[in-house]
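Have a look at the structure below before the remarks.
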Amino acid sequence: MSSGPSSLDRMIKQDIFCLDPVSEMEMWIACLNGYFRYHVLPTKGHIVDLGRNFYEELRAADWILGRIQELAAELISNDQAEVKEVACDVAGSPPQSTHVLSPFREQMAIGARLILVIEAVNDIRIIVREKLHTGIISFPFFKSVGRILNRELSTFRKSWIFSDLLWRRVSRSRQQAACHGFLLSVGSAEMRLETTALFARICRILMTARYVTEGLRIDFNYKAFLALFLHLRTQGNILIRRLQQWLARWELLAPGGSEAIAPLMFALKLEMRRVFQQELLEIEKEGRIEVAYARLEDAAGVLWNCYQNVFISLARAFNPGFDEYQIFSNLASRETESVCVYNDLCTIREMVALALESRPEADELLRSLGVFRETSMRYLMFKDWGLLESFIDRLRVSSGDESMSLLGRFLVFLDTLILSVEKRAALRVLDTRGEREAAGN
């Protein structure tokens with residue numbers, strides 16, 4: 001007799017990559033720990049000028065501290081609601097009911113500690129804002145603020161109170177639920193524990209990448225999100241080391257997992273090099289905010305696709321029948337979007353080729369480009385919009401030889417763009433799913 005979906009099944013069907021307040025606070029605290037060490041994103045020659053003004057960096061740190069205060073206040077509000085529930089239980093229990101009083105005391109201790117964090121962060125923000133009014137921030141002052149701040153935040157992060165907050169919230173449970181099913185076949189409890197930790201680390205990286213993507217669209221703060229990219233780079237390097245350690249320890253006992261990990265490490269290194277040494281190269285010197293936005297969005301998309309594929313590939317190594325659509329709820333919609341934009345671009349390419357041979361086709365091409373601009377174009381990366389819009393606008397006013405020359409350049413652009421869309425992770429996953437379904441038949 002079926003008992004219906006288990007709590008684990010229900011949890012898996014939720015979006016496990018959305019940050020809850022505790023996980024977001026942990027992310028920002030860890031981010032600040034590396035941010036004040038100031039390991040900059042790569043620049044040509046890797047020369048760092050420590051004598052320059054660190055005003056923008058400190059202003060971004062102040063924004064992050066404000067966010068930590070907001071999260072702490074939200075957690076206090078949530079805990080107060082829980083305290084009221086516990087207080088009602090206490091009121092209806094005998095005085096000696098220590099099993100009821102103990103959670104009550106824990107709730108009060110958590111709330112008190114969070115208030116101390118808010119006060120400490122606020123004290124540091126007062127100093128920071130007073131200094132920001134001067135407009136000149138030296139590197140020694142920037143580092144000193146970081147040392148004071150990180151001592152306070154690290155103490156809080158290592159406390160039993162923060163650990164209790166983490167384990168009482170759903171994020172870790174979701175991460176464990178995500179890999180629960182396909183790790184049941186792993187015989188060794190120790191190997192299962194270490195492998196679960198790997199998946200949990202990948203989940204946290206995906207959560208950060210998702211947060212960056214959504215944050216860029218909601219509350220864009222250039223330097224704050226650059227700090228998160230530095231955090232992602234650190235976490236990616238740690239994951240590669242953990243994969244190497246796992247490979248050295250369990251290669252003989254889990255040959256399937258071992259065969260998957262070696263190419264995954266290579267792909268990770270390749271994609272991280274692409275993001276941090278190409279996509280984000282010298283982005284700190286970028287003066288045009290719209291260009292910075294496009295580059296950050298593109299980089300976040302590359303990292304999300306990369307770690308999503310790492311998760312799926314590793315999961316399939318332990319369970320060939322793993323259904324990625326159960327974990328990555330956005331895959332189906334992304335497939336539809338990717339296929340739609342790919343087909344439309346191919347249609348437009350054919351029309352451009354015909355227009356190069358016969359000018360009368362140009363009017364139909366312009367109508368189709370207008371429809372594409374209003375529909376499928378939103379599925380392209382932000383960085384591609386500018387060039388595409390430019391081509392469309394110039395084609396509308398061009399004529400004669402100028403129009404033919406422009407169509408030739410547009411054809412080359414479309415070939416490059418179509419190739420880029422073909423490489424999308426959604427299309428690669430779609431191909432793989434089709435292959436598995438064919439094999440099953």
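Where a number appears in this text, it was derived from the coordinates with a stated rule and is not lab data. Only a predicted model underlies this, so the values are computations on that prediction, with no experimental measurement involved. Every residue, glycine among them, receives a Cβ derived from its backbone with ideal geometry; neighbour counts consider all protein chains shown.
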(request) For each of GLU190, GLU279, GLU70, count neighbouring Cβ atoms within 10 Å of the residue's Cβ, then give the residues from fewest to most. (result) GLU190, GLU70, GLU279
(request) List, in the order given, every pair from LYS143/LYS285; LYS158/LYS285; LYS131/LYS223; LYS131/LYS285 whose Cα-Cα distance in the structure shown is over 25 Å. (result) LYS158/LYS285
(request) Arrange PHE36, PHE229 by Cβ neighbour counts within 10 Å, fewest through most, would you? (result) PHE36, PHE229
(message) Nothing charged except the Cβ atoms of Lys and Arg (+1) and of Asp and Glu (-1): what's the magnitude of the dipole of the range 179-329 about its Cα centre? Round to the nearest 20 debye.
(response) 320
(request) Could you point to the residue in ILE348, SER333, ILE312 farthest towards the positive end of the range 281-393's charge dipole, with +1 and -1 charges on the Cβ of Lys/Arg and Asp/Glu respectively? (result) ILE312
(request) Kindly put HIS133, HIS231 in sequence by how many other C-beta atoms sit within 10 Å of each C-beta, fewest to most. (result) HIS133, HIS231
(request) Grab the other residues whose beta carbon is less than 11 angstrom from that of ARG125, score K and R as +1, D and E as -1, and report the net. (result) -2
